[in-house]
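Worksheet for the structure shown next.
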Amino acid sequence: MNINDIKKIELEITSDCNAACPGCMRTLNPDLLTIDSFGLVELQRLFPTKEYIDGKQFKFCGVLGDPAANIECLQMVEYLATQGGWCQLSTNGGIQNAEWWRQLGKISRETGNVNIHFCVDGHRETNHIYRVNTVFKTVERNMTAYASESSNATWIYIVFDHNEHELEAA
């Protein structure tokens with residue numbers, strides 16, 4: 001297989017997360033997981049030039065960890081997006097400060113190559129029930145900060161019996 005044949009790449013850049021979602025393997029099996037991350041240097045080693053990046057889709061998924069928990073996430077997205085890679089991040093939105101999210105929004109606006117999936121399962125009253133340990137005020141602040149620079153985002157909302165009444169507010 002040639003690198004040019006690969007069009008979509010999923011990257012789990014950390015297994016660290018601020019949440020303790022009841023369905024997550026990190027929550028269900030806390031003793032089986034070692035928290036680990038990889039950074040910009042490793043990413044640049046895997047994708048050293050524009051020809052390895054341009055036109056490819058990079059999904060920074062949150063299977064076991066939230067990509068925003070990786071201290072080099074912003075630099076990694078900027079590296080890929082400025083070289084023609086399309087980046088999608090799945091996040092609970094409850095990590096980092098507003099300035100970090102504005103910077104990510106700015107990269108999105110300037111390159112057109114960044115999309116955020118905010119996985120927020122409720123509104124003020126209920127988000128914390130599934131996204132345990134997240135604070136809705138922080139999530140809302142971060143979503144607003146990102147949106148102040150870019151509109152390229154999607155709110156992913158899992159409907160449960162406990163949050164169905166908040167759909168309209170969300």
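The values are calculated or read from the model by the stated rules, or taken from the named source; none is laboratory data. Because the structure is predicted, anything quoted here is derived from the model rather than measured. Glycine also receives a Cβ, built like all others from the backbone with ideal geometry; neighbour counts cover every protein chain displayed. Note: accessible area is taken over every heavy atom of the protein model, side chains too, but ligands, DNA and RNA are not part of it. Shrake-Rupley method; radii C 1.70, N 1.55, O 1.52, S 1.80 Å.
Observations
- Residue pairs exceeding 29 angstrom between C-alpha atoms, taken from Lys50/Lys137; Lys50/Lys106; Lys56/Lys137; Lys8/Lys137: Lys50/Lys137; Lys56/Lys137; Lys8/Lys137.
- Selection of chymotrypsin sites (Phe, Trp or Tyr not before Pro), the stretch 91-139, meeting DSSP coil and at most 15 other Cβ within 10 Å: none
- Euclidean distance of C-alpha centroids, the stretch 89-113 and the stretch 64-87, integer Å: 9
- Loop trypsin sites (Lys or Arg not before Pro), the stretch 64-128, which have at most 14 other Cβ atoms in a 10 Å radius of their Cβ (DSSP): Arg124
- Unpaired cysteine residues in the chain (no second Cys Cβ under 4.7 Å): Cys17, Cys61, Cys73, Cys87, Cys119.
- Rotationally averaged projected area of the chain (alpha carbon convex hull; nm²): 10.3
- Restricting the stretch 1-84 to trypsin sites (Lys or Arg not before Pro) that sit in a DSSP loop and have at most 14 other Cβ atoms within 10 Å of their own Cβ leaves Lys7.
- For Lys59, the aspartates and glutamates whose Cα comes closer than 15 Å to its Cα, not counting residues fewer than 8 places off in the same chain, are Glu10, Glu12, Glu78.
- Neighbourhood charge, 15 Å Cβ-Cβ cut-off, centred on Gly122 and excluding it, Lys, Arg +1 and Asp, Glu -1: -4
- Potential extension, Thr82-Val159 segment - 0.36 nm per residue separation minus Cα distance: 24.2 nm
- Sorted largest first, extent of the stretch 126-170 alpha carbons per principal axis (Å): 34, 21, 14
- Counting only heavy atoms of the protein chains and using a 1.4 Å probe, Glu10 has close to 120 Å² of accessible surface.
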